[in-house]
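Shown next, in structure tokens, is the structure this report addresses.
The values are calculated or read from the model by the stated rules, or taken from the named source; none is laboratory data. Since the structure is predicted, the reported quantities are computational estimates derived from the model, not experimental observations. For neighbour counting, all protein chains shown are included, and Cβ atoms are generated from backbone atoms with ideal geometry for every residue, glycine included. The area values use the complete protein model at the heavy-atom level, side chains included, leaving out ligands, DNA and RNA. Shrake-Rupley method; radii C 1.70, N 1.55, O 1.52, S 1.80 Å.
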Amino acid sequence: MKKINFLLVAGLCLLVMACSKKDIRQSELQSPGSQVKRTNASPVGDVVGKIVVGYQGWFAAIGDGSPINIWWHWADPNNQTPTTGSIRIKSWPDVREYSTTYATSLPNLGNGQQARLFSNYNDQTVNTHFLWMQQNNIDCAALQRFNPTGGEGPIRDVVTAKVKTAAETYGRKFYIMYDVTGWTNMQSEIKTDWTNKMSAYTSSSAYAKQNGKPVVCIWGFGFNDPGRPFTAAQCLDVVNWFKAQGCYVIGGVPREWRTGVDGSRPGFIGVYHAFNMLSPWLIGAVGNVGDADNIYNNHMVSDQADCNANGIDYQPCVLPGDLQEHQRVHGDLMWRMFYNAVRVGAQSIYISMYDEYNEGNQIAKTAESAAFKPAGTNFVTLDEDGTACSADYYLRLTGDGGRMLKGQIALTATRPTQPIVGGGGTVPIGQVVTLKGSNNQYVSSENGTQAMNCNRPAVGGWEQFTVVNAGSGKVALLNSGKYVSSENGTQAINCNRTAIGPWEQFDWVNNGDGTISLRGNNGRYLSGENGSQAMTCNRTTIGATEKFRVNQ
């Protein structure tokens, strides 16, 4: 009898403790400003505890040297140069940092520059994308891989090699993410492709590992549509085959994966539970903050509980919103999704997507205003709701979301990221900027062949400067591999220095009125001289000609 009573009491105690822990858990999840404790199925690795971006890497152009030699994903028909009537993208990219771009037949940009687009077949394009990831502390890229026997197969193989090199160069991780959409002989060919081609990349120091295993993702199993008609048995065979190869396998699955209704085929729960990590798809389901909260309440909380119960890592999607559909509200939608993912206790976050200009859900640099899109076109720019946003805003926002996931900042429903860094208190280190003087003309480096001027009506390569951390709170301005020099105020300034010395260091001064000034090492301010003569660094006070607007 005592033994029975003891067991009853012990059981009640355990039940109370369990309920108490559950109450504490919910309190932690709901309380803004608190740090969220996660019940990880896996320890922190290259994916768990990290931000992952979906990387399409699928753009090509006629003349880029690629074997397909078409405007792949840019135009329709893709064998013709993009025009206003044949463009396939919903958002216009900001291309100021690409050294090689390709002319379109669209109207010039609002700033007068030719409308040009990039190609992923160019090394500098992929390197630039991974440099942006590095600059914004984005940890890992999931490289999309479609049917390798299809039309874009040749360029996909080449881009994979470029991604490997770029990830190694910029200290990022990457893994292969198979999209099985429309892949007729998927069950056999996906295994062959991994064995004969993709598995070789796992030897790279940049290839993502989780729990000591190379990561691979399969997106599309269980979706209730004709593009992915595979049976549960076929899908389970593929998942188990990859696990037998020693892989950590992620599943990109329908948002109704637990219930097997609507977007999910019934009878797939065994497939879903076979994955090491689950990443439910949300594109098309979230268009505003209310939608994001509905997904949190009706899906994410139960998803996380199911994953915890089955030893599966959980990687919800976070998206910026379809820019063309005016969903973004200058970052508030995306931050709410970050907040919901972190407060639910997610093990990782998947950004959909990095470079999806076709669907308008990209975080990569995008036209920030009418000055940077083809004139007369209906492309929506980042300032669509009246709030100016820098081209890199969603990259910076993603970096801050990663900081919250990693506990580097407290859980907060208040977006910490400012839409614009130019002319404000945040110095845009590592970013490419333009400087417009009080005469509404741009500062030009003159390619280092003569003294600099502030007299350009439009932005070209010579009018773009990378802001470099020069140490001790100072910045340097870099253009075409050379640094701007104040010449210590004894002569007009030049952009012809190969290294940073005292004359190449400036204070970035926020004027509090939307402009900035640059103070040289001599304590004098840089002047645009109203564009009437070469620029100097000899002003003792800040007047109109010593003020510059950034990225405007």
Could you pull out the residue among Ala410, Ala371 that is out of contact with any helix residue (DSSP H, G or I) (no Cβ under 7 Å at 6 or more places or on another chain), part of a helix (DSSP H, G or I) and surrounded by fewer than 22 Cβ atoms within 10 Å (Cβ to Cβ)?
Ala371
Among the listed residues Pro254, Pro226, identify the single one that is without any contact (Cβ under 8 Å) to a residue 40 or more places away in the chain and buried (at least 22 other Cβ atoms within 10 Å of the Cβ).
Pro254
Output the residues belonging to segment 480-500 that are open to solvent by less than 20 Å² (accessible area, probe 1.4 Å) and either farther than 12 Å from Met535 by Cα or small (Gly, Ala, Ser) (or both).
Ser485, Ser486
Those residues of segment 91-108 that are modelled with pLDDT under 95 and either assigned to a helix (DSSP H, G or I) or farther than 24 Å from Val467 by Cα (or both) come to a total of 0
Could you count how many residues in segment 201-215 are assigned to a loop (DSSP other than H, G, I, E, B), closer than 22 Å to Ile312 by Cα and open to solvent by 40 Å² or more (accessible area, probe 1.4 Å)?
2
I'd like the full set of residues that are under 18 Å from Tyr98 (Cα atoms), open to solvent by 40 Å² or more (accessible area, probe 1.4 Å) and of a type outside the set (D, E, K, R), limited to segment 114-158.
Gln114, Tyr121, Gln124, Asn127, Leu131, Gln134, Gln135
How many residues does segment 266-293 contain that are closer than 19 Å to Val238 by Cα, open to solvent by less than 50 Å² (accessible area, probe 1.4 Å) and in a loop (DSSP other than H, G, I, E, B)?
3
Considering (1) free of Cβ contacts under 8 Å to residues at least 24 places away in the same chain; (2) within 30 Å of Leu397 (Cα to Cα), say which one Tyr102 fails and leave the rest.
(1)
Looking across segment 525-552 at residues that are in contact with a helix residue (DSSP H, G or I) (Cβ under 7 Å, 6 or more places away or on another chain) and free of Cβ contacts under 8 Å to residues at least 40 places away in the same chain, the single one that is least open to solvent (accessible area, probe 1.4 Å) is Ser527
Quick check: is even one residue across segment 198-206 at negative phi, at pLDDT below 95 and not aromatic (Phe, Trp, Tyr)?
no
Tell me, which residue of segment 159-172 that is under 22 Å from Gly399 (Cβ atoms) and β-branched (Val, Ile, Thr) is surrounded by the most Cβ atoms within 10 Å (Cβ to Cβ)?
Val163
Give the residues of segment 439-479 that are open to solvent by 40 Å² or more (accessible area, probe 1.4 Å), assigned to a strand (DSSP E or B) and under 18 Å from Arg549 (Cα atoms), sorted by residue number.
Asn455, Arg456, Thr466, Leu478
Looking at segment 311-321, can you tell me whether even one residue there is more than 24 Å from Lys365 (Cβ to Cβ), surrounded by fewer than 19 Cβ atoms within 10 Å (Cβ to Cβ) and touching a helix residue (DSSP H, G or I) at 6+ places or on another chain (Cβ under 8 Å)?
no
